[in-house]
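A.B. asks: A single structure is presented below for examination.
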Amino acid sequence: MALGDIQIFKWQSRNAAAEEQERYAKWAFPYGEKQKDALSKLLLELYPKESNTTLLVSYLTVKELFDGRRKNSGEEETVNFLLNDLKKYKRLVGVKKMPTLLAAVLADRFVGEDCVYPSADEIRQKTAELEKQRIPKKGLFSKQG
(Lines give C-alpha, C1' and ligand atoms only; values in the text may rest on other atoms or scores of the structure.)
Protein backbone atom coordinates (compact mmCIF):
# COMPACT_ATOMS: atom_id res chain seq x y z
CA MET A 1 0.00 0.00 0.00
CA ALA A 2 1.52 3.29 -1.07
CA LEU A 3 0.99 6.58 0.71
CA GLY A 4 -1.38 7.73 -1.99
CA ASP A 5 -3.48 4.60 -1.49
CA ILE A 6 -4.48 5.29 2.11
CA GLN A 7 -8.12 4.48 2.65
CA ILE A 8 -9.81 5.08 5.97
CA PHE A 9 -12.57 2.54 5.56
CA LYS A 10 -11.05 -0.44 3.85
CA TRP A 11 -12.59 -3.72 4.79
CA GLN A 12 -10.47 -6.84 4.29
CA SER A 13 -10.47 -10.32 5.62
CA ARG A 14 -7.63 -11.24 7.94
CA ASN A 15 -6.09 -13.38 5.22
CA ALA A 16 -6.23 -10.57 2.66
CA ALA A 17 -4.73 -8.12 5.15
CA ALA A 18 -1.97 -10.60 6.02
CA GLU A 19 -1.22 -11.17 2.32
CA GLU A 20 -1.03 -7.43 1.69
CA GLN A 21 1.29 -6.97 4.66
CA GLU A 22 3.49 -9.81 3.41
CA ARG A 23 3.66 -8.29 -0.10
CA TYR A 24 4.64 -4.94 1.40
CA ALA A 25 7.34 -6.53 3.59
CA LYS A 26 8.75 -8.35 0.55
CA TRP A 27 8.78 -5.12 -1.42
CA ALA A 28 10.36 -3.14 1.44
CA PHE A 29 12.97 -5.74 2.36
CA PRO A 30 13.24 -8.50 -0.25
CA TYR A 31 16.04 -10.17 1.73
CA GLY A 32 14.17 -10.10 5.02
CA GLU A 33 15.39 -9.14 8.46
CA LYS A 34 19.05 -9.30 7.47
CA GLN A 35 18.48 -6.50 4.96
CA LYS A 36 16.32 -4.52 7.38
CA ASP A 37 19.02 -4.76 10.06
CA ALA A 38 21.80 -3.72 7.65
CA LEU A 39 19.77 -0.76 6.43
CA SER A 40 18.86 0.24 9.99
CA LYS A 41 22.53 0.18 10.96
CA LEU A 42 23.41 2.43 8.01
CA LEU A 43 20.58 4.90 8.69
CA LEU A 44 21.47 5.09 12.39
CA GLU A 45 25.08 5.78 11.46
CA LEU A 46 23.91 8.63 9.23
CA TYR A 47 21.45 9.98 11.83
CA PRO A 48 22.62 8.81 15.27
CA LYS A 49 20.18 11.04 17.18
CA GLU A 50 17.08 9.67 15.40
CA SER A 51 15.09 6.60 16.35
CA ASN A 52 15.30 3.51 14.17
CA THR A 53 11.52 3.48 13.64
CA THR A 54 11.41 7.11 12.51
CA LEU A 55 14.28 6.55 10.10
CA LEU A 56 12.74 3.41 8.61
CA VAL A 57 9.37 5.13 8.13
CA SER A 58 11.06 8.08 6.43
CA TYR A 59 13.18 5.76 4.29
CA LEU A 60 10.19 3.66 3.21
CA THR A 61 8.25 6.82 2.40
CA VAL A 62 11.02 7.94 0.07
CA LYS A 63 11.25 4.45 -1.43
CA GLU A 64 7.49 4.42 -2.10
CA LEU A 65 7.61 7.89 -3.64
CA PHE A 66 10.59 6.94 -5.78
CA ASP A 67 9.14 3.66 -7.03
CA GLY A 68 5.67 5.10 -7.60
CA ARG A 69 6.90 8.12 -9.51
CA ARG A 70 9.51 6.18 -11.50
CA LYS A 71 6.77 4.03 -13.03
CA ASN A 72 5.45 7.06 -14.91
CA SER A 73 8.67 8.96 -15.55
CA GLY A 74 12.36 8.32 -15.86
CA GLU A 75 14.77 7.90 -12.99
CA GLU A 76 16.44 11.28 -13.46
CA GLU A 77 13.08 13.08 -13.54
CA THR A 78 12.01 11.21 -10.42
CA VAL A 79 15.19 12.17 -8.57
CA ASN A 80 14.73 15.82 -9.57
CA PHE A 81 11.11 15.76 -8.44
CA LEU A 82 11.98 14.32 -5.04
CA LEU A 83 14.75 16.84 -4.52
CA ASN A 84 12.89 19.93 -5.69
CA ASP A 85 9.11 19.49 -5.54
CA LEU A 86 8.58 17.73 -2.24
CA LYS A 87 5.76 19.83 -0.81
CA LYS A 88 3.26 17.15 0.17
CA TYR A 89 5.66 14.91 2.04
CA LYS A 90 8.18 17.32 3.57
CA ARG A 91 6.70 16.80 7.04
CA LEU A 92 7.03 13.04 6.76
CA VAL A 93 10.54 13.02 5.38
CA GLY A 94 12.08 16.42 5.98
CA VAL A 95 13.64 18.49 3.24
CA LYS A 96 17.12 18.21 4.77
CA LYS A 97 16.93 14.41 5.00
CA MET A 98 15.55 13.85 1.51
CA PRO A 99 18.90 13.78 -0.37
CA THR A 100 20.42 11.33 2.13
CA LEU A 101 17.39 9.04 2.18
CA LEU A 102 17.19 9.22 -1.60
CA ALA A 103 20.87 8.24 -1.80
CA ALA A 104 20.09 5.23 0.41
CA VAL A 105 17.12 4.28 -1.80
CA LEU A 106 19.28 4.52 -4.90
CA ALA A 107 21.96 2.36 -3.25
CA ASP A 108 19.36 -0.16 -2.07
CA ARG A 109 18.58 -1.11 -5.66
CA PHE A 110 22.06 -2.65 -5.98
CA VAL A 111 22.06 -4.58 -2.69
CA GLY A 112 22.04 -8.33 -3.14
CA GLU A 113 21.41 -11.30 -0.88
CA ASP A 114 24.56 -10.46 1.04
CA CYS A 115 22.83 -7.23 2.21
CA VAL A 116 26.02 -5.19 2.03
CA TYR A 117 25.24 -1.50 1.78
CA PRO A 118 27.69 1.24 0.88
CA SER A 119 29.39 2.88 3.84
CA ALA A 120 27.92 5.95 5.52
CA ASP A 121 30.72 8.01 3.95
CA GLU A 122 29.78 6.76 0.47
CA ILE A 123 26.14 7.68 1.12
CA ARG A 124 27.25 11.13 2.31
CA GLN A 125 29.25 11.53 -0.90
CA LYS A 126 26.22 10.57 -3.02
CA THR A 127 24.12 12.95 -0.90
CA ALA A 128 26.49 15.81 -1.73
CA GLU A 129 26.11 15.00 -5.44
CA LEU A 130 22.32 14.95 -5.11
CA GLU A 131 22.27 18.24 -3.18
CA LYS A 132 23.95 19.92 -6.17
CA GLN A 133 20.81 19.04 -8.16
CA ARG A 134 18.53 20.81 -5.69
CA ILE A 135 17.15 24.07 -6.98
CA PRO A 136 16.96 26.60 -4.14
CA LYS A 137 13.53 28.18 -3.78
CA LYS A 138 13.58 31.94 -4.05
CA GLY A 139 11.54 33.81 -1.52
CA LEU A 140 9.22 36.65 -2.27
CA PHE A 141 11.79 39.24 -1.22
CA SER A 142 14.97 37.61 -2.50
CA LYS A 143 17.33 39.61 -4.67
CA GLN A 144 16.98 38.96 -8.36
CA GLY A 145 19.96 39.72 -10.46
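A.B. asks: Would you check if there is a residue in segment 71-92 being on the phi < 0 side of the Ramachandran plot, among the acidic types (Asp, Glu) and assigned to a loop (DSSP other than H, G, I, E, B)? Show your work before the answer.
C.D. replies: Kept after step one, since they are on the phi < 0 side of the Ramachandran plot, are these residues of segment 71-92: 71-92.
Within this subset, residues satisfying the condition of being among the acidic types (Asp, Glu) are 75-77, 85.
When the remaining residues are screened for being assigned to a loop (DSSP other than H, G, I, E, B), the result is 85.
Yes, segment 71-92 contains a residue that is on the phi < 0 side of the Ramachandran plot, among the acidic types (Asp, Glu) and assigned to a loop (DSSP other than H, G, I, E, B).
A.B. asks: So, in segment 34-51, exactly how many residues are farther than 11 Å from Thr100 by Cβ and in contact with a Ser or Thr (Cβ under 8 Å, 6 or more places away or on another chain)?
C.D. replies: Qualifying residue count for the region: 0.
A.B. asks: What pairs come out if I take residues in segment 79-106 that are closer than 13 Å to Leu46 by Cα and charged (D, E, K, R) and pair them with residues that are modelled with pLDDT of 80 or more and crowded, with 21+ Cβ neighbours inside 10 Å whose C-beta lies under 8 Å away, six or more apart or interchain?
C.D. replies: Partner pairs satisfying both residue conditions: Lys97/Ser58.
A.B. asks: Can you tell me which residue within segment 48-62, out of those that are in a helix (DSSP H, G or I) and of a type outside the set (Ser, Thr, Tyr), is surrounded by the most Cβ atoms within 10 Å (Cβ to Cβ)? Break it down stepwise before answering.
C.D. replies: The first filter runs over segment 48-62 and keeps only residues in a helix (DSSP H, G or I), leaving 52-62.
Next, only the ones that are of a type outside the set (Ser, Thr, Tyr) stay: 52, 55-57, 60, 62.
Numbers: Asn52: 15, Leu55: 20, Leu56: 18, Val57: 13, Leu60: 18, Val62: 25.
Looking at the filtered set, the residue picked out is Val62.
A.B. asks: Test of understanding: among Leu43, Leu65, which residue is surrounded by 14 or more Cβ atoms within 10 Å (Cβ to Cβ), part of a helix (DSSP H, G or I), at pLDDT 95 or above and not basic (Lys, Arg)?
C.D. replies: Values: Leu65 fails: at pLDDT 95 or above.
Every option except Leu43 fails the conditions.
A.B. asks: Ok, one more. Exactly one condition in (1) assigned to a loop (DSSP other than H, G, I, E, B); (2) more than 25 Å from Tyr31 (Cβ to Cβ); (3) modelled with pLDDT of 85 or more is not met by Val95; state its number.
C.D. replies: (3)
A.B. asks: Still on this model: Hey, can you tell me all the residues within segment 24-35 that are among the basic types (Lys, Arg) and within 17 Å of Val57 (Cα to Cα)? Break it down stepwise before answering.
C.D. replies: In the first step, residues of segment 24-35 are kept if they are among the basic types (Lys, Arg); the result is 26, 34.
Listed by number, the list holds a single entry, Lys26.
A.B. asks: Look through Val111, Val105 and report the one residue that is among the β-branched types (Val, Ile, Thr), surrounded by 11 or more Cβ atoms within 10 Å (Cβ to Cβ), modelled with pLDDT of 85 or more and part of a helix (DSSP H, G or I).
C.D. replies: On the way: Val111 fails: part of a helix (DSSP H, G or I).
Of the residues listed, the single one that is among the β-branched types (Val, Ile, Thr), surrounded by 11 or more Cβ atoms within 10 Å (Cβ to Cβ), modelled with pLDDT of 85 or more and part of a helix (DSSP H, G or I) is Val105.
The values are calculated or read from the model by the stated rules, or taken from the named source; none is laboratory data. Predicted model, so just to flag it, every value in this text is computed and none were measured. No Cβ is skipped: glycine too gets one built from the backbone with ideal geometry, and neighbour counts run over all protein chains shown.
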